[in-house]
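Here's the structure, in structure tokens; my notes come after.
The values are calculated or read from the model by the stated rules, or taken from the named source; none is laboratory data. Note that the structure is a prediction, hence the values are computed from the model and not measured. Here the Cβ positions follow ideal geometry from the backbone for every residue, glycine too, while neighbour counts run over all protein chains shown.
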Amino acid sequence: MKPIHLNLAARPYRDYRPVYAAVVVMSLLTAFLMLNNVDTYYRYIHETRNTRAKIASVEAEAQRERENASKVERSLKSIDLAHLDAQTQFVNAKLNERAFSWSALLDQLETILSDDVRLLSISPSFSDEGLITLGLSFQSKSAEGMIATLNRMNEDPHFRNPFPSTESQTDGQFQFTLTSEYLPQQALTAAEVVR
Amino acid sequence: MIWREKRILLIILGVLLAANTMFFFTYRVQYQSRLDDLDTRLEAAEQSLAQARQTRLTTERQIQGYRKVEADIAEVFDQHWSTQPKRFTAMVGEVKRLAIASSLNPQSYSFERAEAEARTSAARRGGKNIGATEVGMSFTVQGTYEQIRRLINLLELSRQFVIIDQISLNAAQDQLLTLNLHLKTIFRDDQQARVATNRL
């Protein structure tokens, strides 16, 4: 015998309680998280306002500095450095030549020349490194004049690496030329200080 | 069936929940690290600023250095060397005056002129001239060693830019020596002067 189901409801019966429970739980969770998030967001914005403003200002300042640096670099490129360098070296060389003391050199030469040796000519040359090389020619009454002069120059700290170029004999007179590096008194004092 | 009927509401709630959860975990949980990030960014920006400023200052100092060198060179060219028309006669007059002051009497003078050359081959390859002319002056005098030393000393002390280039000595008679003196000086080129004037 088939059982009879009596359904007297106007609409079909549905149990929505699990759905409502889920909706309520989700809503509560969402509301809680949303409040927390809004609070976090405002706190973050408020607390970092100064820092962010500072970052923006620093970045803008850095940008301005970079622009200024590139402007300055452009004007640096407009300077003809090769020509300036050539002029500087030329001017320094000429100032060194002008500052060279011939009186001091003659004083030094007087101390190294023996009685029978006479100075004929002096011709200094100046290198970029400040080295002074002397081209010297002498006349001697004896054959030992050149040796004696070289020995005396070797003993004098103002002269370095003296080296003969020529020696010739005419009418009993010996003429010889030599080159030597020359250190003026200031250079010698500076070298001693460094040592 | 019941879930499907309410799916729109559930989907909306689900999306809201997911978004808030994500925000929560990225912002709330990592709040400190975000603050630290911001500090790091500030530090990096400050470093970048300091670097940019240093670069600018270094370049500016370089330019100032070059300008100073340019000014110094211009001073030497303008004040000490000047142009040939302005200084040559004064220099010759000064040398003659010093010779007389040393009781020496040069019988003749010779002069030569050459364009000043750059000292380094690299600068010479550059093709530009230095902007100066080198003028040489030679003369011979007879006198005692003391007179010659006095002349050399006076030339060294002269306010004129005179370089003693070479000296030659020969015995003449008794205590007299013959001194052959080669002097040189530098003059700024007129063209250089025109450029300087144009620059002003």
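Check off (1) surrounded by fewer than 11 Cβ atoms within 10 Å (Cβ to Cβ); (2) within 28 Å of B:Gln32 (Cα to Cα) for A:Leu6 and give me the number that stays unchecked.
(2) is the only condition that A:Leu6 fails.
I'd like to know if region A:45-52 contains one or more residues that are in a helix (DSSP H, G or I), at the interface with another protein chain (Cβ under 7 Å from one of its Cβ atoms) and of a type in the set (A, V, I, L, M).
No, region A:45-52 has no match at all.
Hey, could you check region B:133-158 for residues that are hydroxyl-bearing (Ser, Thr, Tyr) and under 37 Å from the mean Cα position of the chain (by Cα) and say which is nearest to B:Ile100 (Cα to Cα)?
The extreme case among them is B:Ser158.
When both residues are 6+ apart or on different chains and their Cβ atoms are under 6 Å apart, which pairs have a first residue that lies in region B:164-179 and is not assigned by TED's automatic domain parsing to the domain that holds B:Phe139, and a second that is outside any strand (DSSP E or B) and basic (Lys, Arg)?
Nothing qualifies.
Taking region B:64-81, which residues are facing chain A (nearest Cβ under 9 Å) and over 9 Å from the mean Cα position of the chain (by Cα)?
B:Val76, B:Phe77, B:His80, B:Trp81 - these are the residues of region B:64-81 that are facing chain A (nearest Cβ under 9 Å) and over 9 Å from the mean Cα position of the chain (by Cα).
For region B:2-29, how many residues meet the condition of being within 20 Å of A:Ala21 (Cα to Cα), surrounded by 14 or more Cβ atoms within 10 Å (Cβ to Cβ) and not polar (S, T, N, Q)?
Residues in region B:2-29 being within 20 Å of A:Ala21 (Cα to Cα), surrounded by 14 or more Cβ atoms within 10 Å (Cβ to Cβ) and not polar (S, T, N, Q): 7 in total.
Please go through region B:30-43 and pick out each residue that is at pLDDT 90 or above and either surrounded by 14 or more Cβ atoms within 10 Å (Cβ to Cβ) or of a type in the set (Phe, Trp, Tyr) (or both).
Passing the criteria: B:Arg41, B:Leu42.
Select the helices (runs of 4 or more DSSP H) contained entirely in region A:66-176, then report the ones holding at least 1 residues which are of a type in the set (A, V, I, L, M, F, W, C) and loosely packed, with under 15 Cβ neighbours inside 10 Å.
Correct list: A:81-99, A:145-155.
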